[in-house]
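The values are calculated or read from the model by the stated rules, or taken from the named source; none is laboratory data. Note that this is a predicted model, so its numbers are computed, not measured. Cβ: placed from backbone, ideal geometry, glycine included. Neighbour counts: every protein chain shown. Keep in mind that these areas ignore ligands, DNA and RNA; they rest on the heavy atoms of the full protein, side chains included. Shrake-Rupley method; radii C 1.70, N 1.55, O 1.52, S 1.80 Å.
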Amino acid sequence: MRAAVYMGPGRIEVREVETPRPGPGEILLKMRAAAVCGTDVRIYLRGQANVVPPHVTGHEICGEIAGLGRGVRGYEIGQRVTSVTAIGCGACPTCARGWTNMCPEARYIGYHFAGAFAEYMVVPASAVAQGAVIAAPEHLSDDAVALVEPLSCVVNGQEPLHVGESDTVVVIGMGPIGTMHLLLAQASGAARTMAVDVEPRRLEIAGTFGPDEVIDSSTANVVEEVKRLTGGRGADVVVVACGVKQAALEAVAMAAMKGRISFFAGFPKDDPTIALDANAVHYRELAIHGAFASHRAQFERAMALAAEGKVDLDALATHHFDLDGIVDAIETTRRGDGLKSIIRFD
Ligand SMILES: [Zn+2]
Ligand SMILES: [Zn+2]
């Protein structure tokens, strides 16, 4: 088969490798679509501790079951599926609650395990045993199925925020993830949504997804602008979908009484400390939540949101490449052109 083999920072070789066979408990997927994630870009540029070259990355998956290992039940050849990314140990108290993404021993498809940027991939037995392979409804496109993974992370991020009908929701950072946050907030019935970014071309795209307000933070004072637009009350929900510390502080400053905040994006690893106004949290009864990856129940929720037409994932699939175009796809994502770049295998 053809595979995009990551050989170290800045080096990916698309070449012939041996087609994997499914061992006991494993499922072989013939890939149909694989989307490029921001983390695929970071691995390509700088490497990542959990990715040891030579390795195939990619974890936003739409595949067709092409082989079932001994002992696998409940799946059929030809079924179109995606897979959960974070595979827990299956034995600890965190895994017992279904939070495989929080398992201290979690391993990830496309990081520890071979991923989706190849014509075939094997879903490991530990993943299959945890029900990580999830069937897709027929009417969803291959692109949409591949984009269930990032949407599941957004579902994870918004679960503790309880977005409802009286809420004003501000999303800071309008990349593909911020855009999905906007769409999910709309699907949850938010009264009003506001999209914030520093880049006018990002805001132009974000504007096509129906936010009530678009705020250019390169020219406007975002906190003042959100306060002005809400009659001084502030935002009920703020999602920080960019790893910028200033945005985290702005989120706290713009939050209304009983505001809920998500630190969705990771912050700089070598410099993550912020000077938080603890009294703002105390007197305004703010709740600040983290978010990291997602688990199976959130994949199922994301699949249902897409299947019911509540979140239009196809609208995010702006660029398509074949496997030989993998570096182009990664570069397109790095430049922030459009929203999602997708590798197609037909
Ligand atoms: Zn991803
Ligand atoms: Zn565990």
Under 5 Å between amide hydrogens, which residues at least 5 positions from V56 or on another chain qualify, with H placed 1.01 Å from N in the peptide plane? Y6, G115
Protection-proxy order for peptides 263-272, 123-132, each taking the mean of Cβ atoms within 10 Å per residue, highest first: 123-132, 263-272
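Per the 1.4 Å probe, what fraction of the accessible area of segment 49-164, in percent, lies on carbon and sulfur atoms?
On the way: 2330 of 4480 Å².
Ligands and nucleic acids excluded, carbon and sulfur reach 52 percent.
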Expected output is a single nm value to one decimal: the length gained when fully extending between T318 and M257, i.e. 0.36 nm times separation in residues minus the C-alpha distance. What is it? 18.2 nm
Quick note, segment 54-181: a/c under 1.5 would make it rounded; otherwise a/b > b/c is prolate and the rest oblate (a ≥ b ≥ c, C-alpha gyration tensor); here it is prolate
Ignoring ligands, DNA and RNA, what percent of the accessible area of segment 210-346 is carbon or sulfur (1.4 Å)? 49
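For segment 155-214, which GluC sites (Glu not before Pro) are both in a DSSP coil and crowded by at most 12 other Cβ atoms within 10 Å? Display every interim value, and only then the final one.
Working: sites: E165, E204, E213; in loops: E165.
Listed in order of number, the matching sites are E165.
Leaving out ligands and nucleic acids, note down the accessible area per residue over the chain with a 1.4 angstrom probe, in whole Å². Kindly include the intermediate steps, with their values, before the conclusion.
On the way: 14930 Å² over 346 residues.
I get 43 Å² per residue for the chain.
Just from its helices, what would the mean residue ellipticity at 222 nm be for the chain, if runs of 4 or more DSSP H residues each count -39500 (n - 2.57) and the sum is divided by every residue, rounded to the nearest 500 deg cm²/dmol? Don't jump to the answer; show the numbers that get you there.
Working: 12 runs with 100 residues, N = 346.
Helices in the chain give a 222 nm mean residue ellipticity of -8000 deg cm²/dmol.
Counting only pairs 8 or more places apart or on different chains, how many lysine pairs in the chain have C-alpha atoms closer than 23 Å?
Working: K30/K340; K227/K245; K227/K258; K245/K258; K245/K269; K310/K340.
So the count of such lysine pairs works out to 6.
Taking the DSSP beta bridges in the chain as the whole, what percent of them are antiparallel, to the nearest 5? Each step should come with its number before you reach the end.
Numbers: 31 of 58 bridges.
Taking every DSSP beta bridge within the chain, about 55 percent pair in antiparallel fashion.
Which whole-number percent is the relative contact order of segment 206-346 (Cα, under 8 Å, 6+ apart)? Write down the numbers at each step before the final one.
Numbers: 164 pairs, mean separation 20.8, N = 141.
Taking the mean separation of contacting Cα pairs over the length of segment 206-346, I get 15 percent.
Please report, in cubic angstrom per residue, the volume enclosed by the convex hull of the alpha-carbon atoms of the chain. Don't skip to the end; give the middle numbers.
Details: hull volume 45.3 nm³, N = 346.
It is 131 Å³ per residue.
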